[in-house]
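Have a look at the structure below before the remarks.
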């Protein structure tokens, strides 16, 4: 049995360039998706051997999304803003998109 989905709203900051610097403006709501949420911790090893542990969620959408989500967008998961950190991965059967996986992490852990 597939567990029930959660409604997760996505936003994107409009970016402008002023005097050669990128400035993030107000967030614009893209829409809301019904996704399965899988919380997790993710380790990254830097070139110097330092291990960084990030927390966040993998979000799974069945079918083709009604709007485009890109790396850098914000997902509000269970009341907490998470940043999409990877390009969304599409699952395909032939030419048909049957699902998408979004990877979102906290910007900064406070623990």
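The values are calculated or read from the model by the stated rules, or taken from the named source; none is laboratory data. Just so it is clear, the structure is predicted and the values come from calculations on it, not from any experiment. All Cβ positions, even for glycine, are placed from backbone atoms using ideal geometry, and neighbour counts span all protein chains on display.
What the table shows:
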| read-out | value |
| --- | --- |
| Filtered residues of the stretch 52-73 (kept if in a strand (DSSP E or B) and surrounded by 13 or more Cβ atoms within 10 Å (Cβ to Cβ)) | 54, 55, 56, 57, 58, 59, 60, 61, 62 |
| Filter pass, residue 25 being exposed (fewer than 12 other Cβ atoms within 10 Å of the Cβ) and either assigned to a loop (DSSP other than H, G, I, E, B) or touching a residue at least 12 places away in the same chain (Cβ under 8 Å) (or both) | yes |
| Looking only at the stretch 4-22, and only at residues there that are part of a loop (DSSP other than H, G, I, E, B) and on the phi < 0 side of the Ramachandran plot, the one that is modelled with the lowest pLDDT | 4 |
| Long-range neighbours under 8 Å by Cβ, at least six apart or interchain, first residue at negative phi and surrounded by fewer than 16 Cβ atoms within 10 Å (Cβ to Cβ) within the stretch 86-111, second in a loop (DSSP other than H, G, I, E, B) and at pLDDT 90 or above | 86/71; 87/70; 87/71; 97/63; 97/64; 98/63 |
